[in-house]
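These notes concern the structure reproduced below.
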Amino acid sequence: MTTESESENVQQDTTNPDEGLRQRHLLGLEGWSARDITRVLDTAGQFRDVLERPIRSVPSLRGVTVVNLFYEPSTRTRISFELAEKRLSADVVNFASSGSSVSKGETLRDTARNIEAMKIDMVVVRHASAGAPSFLTRCVDAVVINAGDGAHEHPTQALLDAMTIREQFGRIQGLRVSIIGDIMHSRVARSNLHALTTLGADVTLCGPASLLPVHLDRLLGEEARGQVRITTRLDEALDGCDVAMALRIQMERQGRSLFPSVREYHEQFGIQLEHLETYKDLIVMHPGPVNRGVELATDVVDHERALILNQVTNGVAVRMSVLYLMSDGRKQHE
Amino acid sequence: MTHPDLCIREALILDVETGQEQLADILIRGGTIAAVGEGLDADGVPEYDASGKRVSPGWMDMHVHLREPGQEHKETVHTGCRAAAFGGFTAVACMPNTEPPIHTRDVVEFIVERARKEAVDVYPIGCVSKGRKGEDLAEMADMKSGGAVAFSDDGSPVGDAGLMRHALEYASMLDVPIINHMEDLDLNPHGHMNEGEVSTRLGVKGIPGLAEEVMIARDALIAEYTRGPVHVAHISTARAVEIVRDAKRRGVPITAEVCAHHFALTDEAVEQSDYDTHTKMHPPLRTAADVQAMKAGLADGTIDAICTDHAPHAPNEKDVEFEAAPFGILGLETAWGLIGRELIRPGVLSLARAVEAITAAPRRIMRIPMPRIAVGEKANLTIFDETTEWTFEASHIRSKSRNTPFVGAPMVGRAWAIYNKGRLVESA
C-alpha cells in the first residue's frame, strides 16, 4: 500500500455507509457488537500491511486534526497513538498535563473547549478519573477516543490484544483466556473482558483476593456471565488455558492494604518458565510495561511464546483503524 | 413580605400525633394564632385560600449545609432559607463545616443573627471538636447557651472512639445529641460511589457500606455505655438499619435520619446518568435492597426522621470529571415531592407518619418544642398537599447553587406556602 491509489482502496472499502460503526465515540467496549469489533480488527489488519511497507503512511486523515490529551503519564500508549495519527497523515497536537494550563488549575472542560476552539476534529484522552472521556463528550463536539480512564476501560488496548490473539489462533471464538493480576485497578481487564466475551472467548480472571473487586461475577450482563470464571489460584487459571494475559502490578500498591510484597506476588501469581514447560501451547501476553521478575519471570518475557512485541506493533495498526473508522463520525456530524 | 395578620381559609389541619384532620379556618393576628374554627370572621385581614390543601405544624429539616460563613459562593443563610421555604420547611438545623467552622459561641451567634430576619428558623449545630479536627472537645455548653441545638463534626466522622465517648458523656449532661457522620475512614480511603456491582462495572473506587456500619455499631456501644444520645446522620445501608433497630430494642439512646435521595435513587443512577456528578454524594447512593431497608426503617420507626443533607456546590465545582467533583446535592426544594412519590403514594408511610418525620421527629431529637396549631400559639405552619403531580424544573431552585439530579423528575405532593415569624412565603 505504497501508492495513494492503493490507500484509496482502504478508504472506499471502509466508508460503506451500511457498515459504519454504531458509536460516534470510542469510550469503552462495553456494549460494542461483535460485528463492530471485528470490523475494527479487519481494518487494522489492512493497516498492519501498511506498516510492513517501505513507506509506512497513507493520506487517509489528511486535513484532520487530532489532539492527544494525556492527563496521566504514558509513554507507550501516547507514542502508539501519535504514530498511528502520523501514519494516517493527520495533523497532531500533543497536550500533557505537566507544564500546561492544568497545573494552573484550569478545569478539564475549559481545557478541552479551549483546544477545540483551535478547531480540533478528534480528541484522544487518557485520564485518571473513570468517566472522564464521556464527560468530555458533553464538553466538546469532537470525536472522543478513550486512551484509558481510571479503572474503567482502555478499549484500544483490548482491541490490540484481540487482534494479536486472532493473528495467533486465527479466531477468538472458543478460546480460553486468563487475565491475571490486579483486576481491581485494571481498565485493561475490563475492556478485555467485554471484547473477548463478545467475540466468544471464555475468560478467567485471576488475582489475589484483595485485588479482585466486589461483585466481579456481575461485571457482565446475565447472558455472558457463563463465559467468566474467577479464581485466586494461578494453576487453575493456567490449566487448559490458551492465552495468559498478565497485568502490570503497580509497585506502590504493595504493603499496607492490597498485597504484602512483590516477592510474594511473584511466587503466587507470576508466570514462570516452568509454566510454559508444563502448558506446552500456552501463549503469554502483557500490556506493558513489564515488571521483569514480577508479573512474568524474565525468561518468560523473552520467550518465543510471549507476544508482547506483536501487541505493540498491532497497537499502532489498531489505533490507525480506530482513528480512521471513527473519523466517519466526525464527517457525519458536520 | 410580612403578614402579621392572615386568615387561612378552609384548611384541612393535620394533627401529626393522632393523624386526625379538622377542616377549619386559622386566623392569625400579629403572628399569633387568634382563632381556629369554621367560618371565622376575618374582619378584613388578608386571606389565603387553602381549600383542597392541608396545614400542619411547620416542617423541619435537621440536616442542611448553609455554607455561611466562608463559602458564600455556594449558599448563604438567606438563599438557604429561601430554598427551605420553597420546600415547605419553617426550620432547618445547619451543619458546622463552614469556614471557620461553627466551633465557638461567636460563630453560633453569627448564624443566629444572620437568620434573624428570615421566615425560616435556623438552628446551628456546633462542632464536637475544636476546629472540627477530631482531637479536642469544643466548648459545647457555651455554644448551647448561644443557641446550638446539637453537635457534630459532619463531613467528617468523630473517628477517635475515646473522643466520642467523652463527647457523649458531656452531651448527656447537656441533654443534646451528638450527630455522627458515620464512617470509618480506614475502610474508605478514596471512594467516590457505593462499592458494589455498579462501581466495579464503572471502574470507580467504591465506598463500602461496611465503613458506615462499623462506625454505627461502635457508636451504639458507646452510647449504651455512656447513656449519651447519639444520632446517626444520613443512614444509608440495610445493615446499618438493622444495627440501629437492634440497639433501639436494647434501649440504647440512638436515633437516625435518612436523606430523601437515599430512598429515591440507587447507585444505578451513576451509570444511567453516565457519571453525572449530581449523583455523587456522601454517603453514596446505595442499592435497591438498601432503598427497601430505608423504607422499612421509616415505617417501623427505626429511622426517626427524614432530612435532606442539602449540600450546595457551585456549578463550576460540580461541572468536572466524576472523581474530581465534591460530594453532595441540593435537597430542600425536592424533599416533599420525593416523600410523596416514594413513601406516601405507594403506601410505605401514612401521611401523618411522613409529616411526623419532618416535624415532631427532628424536634424531639434536638429537644426543640413542637409548634402547635392552637389559639395563643405562635403561628408556625406549612400549607401543602400530598397528591399534586408536578415536574421539578430548574426554575424551582431557590438555592444559590444548582446541583440536583432531580431537574425534570416527577414529584408527587407540593408544599405551597409556609407561615412563620409573622410572614407568609408562597412557593408557587
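Note on chain B: helix-only mean residue ellipticity at 222 nm, from DSSP H runs of 4+ residues weighted -39500 (n - 2.57) and normalised by residue number, equals -8000 deg cm²/dmol. Note on B:Arg402 and B:Glu109: the extension gain reaches 102.7 nm, defined as 0.36 nm multiplied by sequence separation minus the Cα-Cα distance. Taking the longest Cα principal axis of chain A as reference, the axis of helix A:76-87 is set at about 30 degrees. Extension gain for A:Thr232-A:Asp141 works out to 28.4 nm (0.36 nm per residue, less the C-alpha to C-alpha distance).
For segment B:33-161, relative contact order (Cα pairs under 8 Å, six or more residues apart, normalised by length) works out to 20 percent. Charged neighbours of B:Val244, selected by a Cβ distance under 14 Å, balance to -4 (K, R count +1; D, E count -1).
The modelled label-to-label distance between A:His215 and A:Asn310, using points 7 Å beyond Cα along the C-beta direction, is 3.7 nm. Peptides B:29-36, A:131-138 ordered by packing proxy, namely the average of other Cβ atoms within 10 Å per residue, highest first: A:131-138, B:29-36.
If all Cα-Cα distances of segment B:1-82 are sorted into 10 Å bins from 0 onward, what percent lands in each bin, rounded to whole numbers? Reading the bins upward from 0: 16, 34, 25, 19, 5.
The B:Arg367 and A:Glu106 beta-carbon pair, evaluated with R₀ = 35 Å, returns a calculated FRET efficiency of approximately 0.10.
State the percent of C-alpha pairs, over all pairs in segment B:371-428, separated by a distance greater than 17 angstrom. Don't jump to the answer; show the numbers that get you there.
Numbers: 868 of 1653 pairs.
So the pairs more than 17 Å apart make up 53 percent of the total in segment B:371-428.
Note down the relative contact order for segment B:267-359 as a percent, whole number, built from C-alpha pairs under 8 angstrom at least six residues apart. Provide the component values of the computation, followed by the final result.
On the way: 90 pairs, mean separation 28.5, N = 93.
Here the relative contact order equals 31 percent.
Under 5 Å from the amide H of B:Thr32 lie the amide H atoms of B:Ala379, each residue being 5 or more positions distant or on a separate chain, with H modelled from the backbone and absent for Pro and chain starts. Toward the positive end of the charge dipole of chain B, with +1 on the Cβ of Lys and Arg and -1 on the Cβ of Asp and Glu, the farthest Cα among B:Phe384, B:Ile125, B:Met143 is that of B:Met143. How shielded is A:27-33 by partner chains, expressed as the average number of their Cβ atoms within 10 Å of its Cβ atoms? Taking all residues of A:27-33 together, the mean is 1. Taking the C-alpha atoms only, the angle from helix A:34-52 to the longest principal axis of chain A is near 80 degrees.
Sorting the Cα pairs of segment B:79-157 by distance into bins of 5 Å, from 0 upward, gives 3, 18, 27, 22, 16, 9, 4, 0 percent per bin.
Which of the peptides A:262-274, A:159-171 is most tightly packed, and how do the rest follow, judged by the mean count of other Cβ atoms within 10 Å per residue? Write down the numbers at each step before the final one.
On the way: A:262-274: 17.1, A:159-171: 21.2.
Packing order, densest peptide first, comes out as A:159-171, A:262-274.
Normalise the Debye intensity by I(0) for segment A:229-313, one equal point scatterer per Cα, no solvent, then take log10 at q = 0.12, 0.15, 0.20 Å⁻¹ and round to two decimals. Debye curve over Cα of segment A:229-313, log10 I(q)/I(0) at q = 0.12, 0.15, 0.20 Å⁻¹: -0.34, -0.53, -0.93. Averaged over peptide B:200-210, the number of partner chain Cβ atoms lying within 10 Å of each residue's Cβ comes to 6. Residues of segment B:82-108 with backbone nitrogen within less than 20 Å of a virtual label 7 Å along the Cα-to-Cβ line of B:Ala428, please, listed as ranges. Label zone hits: B:83-90. Taking 25 Å as R0, compute the FRET efficiency from the Cβ-Cβ separation of B:Leu23 and B:Glu389 and round it to 0.05. E between B:Leu23 and B:Glu389, to the nearest 0.05, is 0.60. With K and R counted +1 and D and E -1, the other residues having a Cβ less than 15 Å from that of A:Asp299 yield a net charge of -3. Per the Debye formula with a single identical scatterer at each Cα and no solvent contribution, what log10 I(q)/I(0) holds for segment A:32-190 at q = 0.11, 0.16 Å⁻¹? With one equal scatterer per Cα and no solvent, log10 I(q)/I(0) is -0.50, -1.02. With Cα atoms defining each centre, segment A:67-138 and segment B:292-340 are spaced 34 Å apart in the structure.
Among the GluC sites (Glu not before Pro) within segment B:320-370, not one is in coil by DSSP while having at most 15 neighbouring Cβ atoms inside 10 Å.
Holding the Cα-Cα limit at 20 Å, pick out from B:Lys205/B:Lys318; B:Lys378/B:Lys400; B:Lys144/B:Lys378; B:Lys205/B:Lys295; B:Lys74/B:Lys295; B:Lys74/B:Lys318 the pairs that are longer than that. Present the calculation step by step, with values, prior to reporting the outcome.
Values: B:Lys205/B:Lys318 18 Å; B:Lys378/B:Lys400 30 Å; B:Lys144/B:Lys378 23 Å; B:Lys205/B:Lys295 27 Å; B:Lys74/B:Lys295 31 Å; B:Lys74/B:Lys318 11 Å.
Going by Cα-Cα distance, B:Lys378/B:Lys400; B:Lys144/B:Lys378; B:Lys205/B:Lys295; B:Lys74/B:Lys295 fall outside the 20 Å limit.
How many percent of Cα pairs in segment B:241-348 exceed 16 Å?
Values: 3558 of 5778 pairs.
When all Cα pairs of segment B:241-348 are counted, 62 percent exceed 16 Å.
Ordering B:Ala361, B:Met411, B:Leu202 by the projection of their Cα atoms onto the charge dipole of chain B, which places +1 on the Cβ of Lys and Arg and -1 on the Cβ of Asp and Glu, puts B:Ala361 at the extreme positive end. Between segment B:1-49 and segment B:209-231, how many Å separate their Cα centres? Spelled out, the Cα-based centre of one part sits 43 Å from the other. Full extension of the segment from A:Asp239 to A:Glu274, taken as 0.36 nm per residue of separation minus the current Cα-Cα distance, would add 11.3 nm. Between B:Lys117 and B:Asp43, the modelled label-to-label distance comes to 3.0 nm, taking each label 7 Å out from Cα in the direction of the beta carbon. Normalised Debye scattering of the protein assembly as shown at q = 0.07, 0.10 Å⁻¹ gives log10 I(q)/I(0) of -0.60, -1.01, counting only Cα atoms as equal scatterers and leaving out solvent.
Contact order for segment A:141-233, expressed relative to its length and based on alpha carbon pairs under 8 Å spaced 6+ residues apart, stands at 27 percent. Think of each Lys and Arg Cβ as +1 and each Asp and Glu Cβ as -1; about the Cα centre, that makes the dipole of the protein assembly as shown roughly 620 debye. When +1 charges are put on Lys and Arg Cβ atoms and -1 charges on Asp and Glu Cβ atoms, the dipole computed for segment B:328-379 relative to its Cα centre reaches about 180 debye.
Between A:Ser261 and A:Ala224, the simple spin-label model (points 7 angstrom out along Cα→Cβ) gives 3.9 nm.
No lab work stands behind these numbers, since they all come straight from the coordinates. Source: prediction; values computed, not measured. Counting neighbours? That spans all protein chains shown, and the Cβs are built from the backbone with ideal geometry, glycine included.
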